[in-house]
Amino acid sequence: MAELLAADVVVIAAPLYNFGIPSTLKAYFDHIARAGVTFRYTAQGPEGLLLRGKRVYILAARGGNYSGTPMDTQTSYLRNFLGFLGMDDVTFIYAEGLALGEEAKGRAEAAAHRQIRELVAA
């Protein structure tokens, strides 16, 4: 918890497993979702206690192409969960189509690397 609370930037690796997040990431989320520490309930509803503006980068690896489709349940889940804790500055870096042959995999990896370089340069 101390590591997360002290971080200015959070980086999460999130492969798409059966249209969701890996069980280990879900277990981590279960450990950091702590009433009174990372969120609280108010008369107006839940409030995230982690500083808004804490940057979060999610590296999402996927065998198929799901971004922007109804099959992409992972992106909304991650945005909602992190927002619940107060982290609303979330950037996704997708590497999609990794199981669609070497050419598609190469394009996906190059696009993800390009996006990472752009983010680092900014």
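A few comments on the model shown:
- Residue in segment 44-55 that is of a type in the set (A, V, I, L, M) and at pLDDT 95 or above present: no
- Counting the residues of segment 95-110 that are touching a residue at least 12 places away in the same chain (Cβ under 8 Å) and farther than 17 Å from ALA14 by Cα gives 1.
The values are calculated or read from the model by the stated rules, or taken from the named source; none is laboratory data. Note that the structure is a prediction, hence the values are computed from the model and not measured. We place every Cβ from the backbone using ideal geometry, glycine too, and count neighbours over all the protein chains shown.
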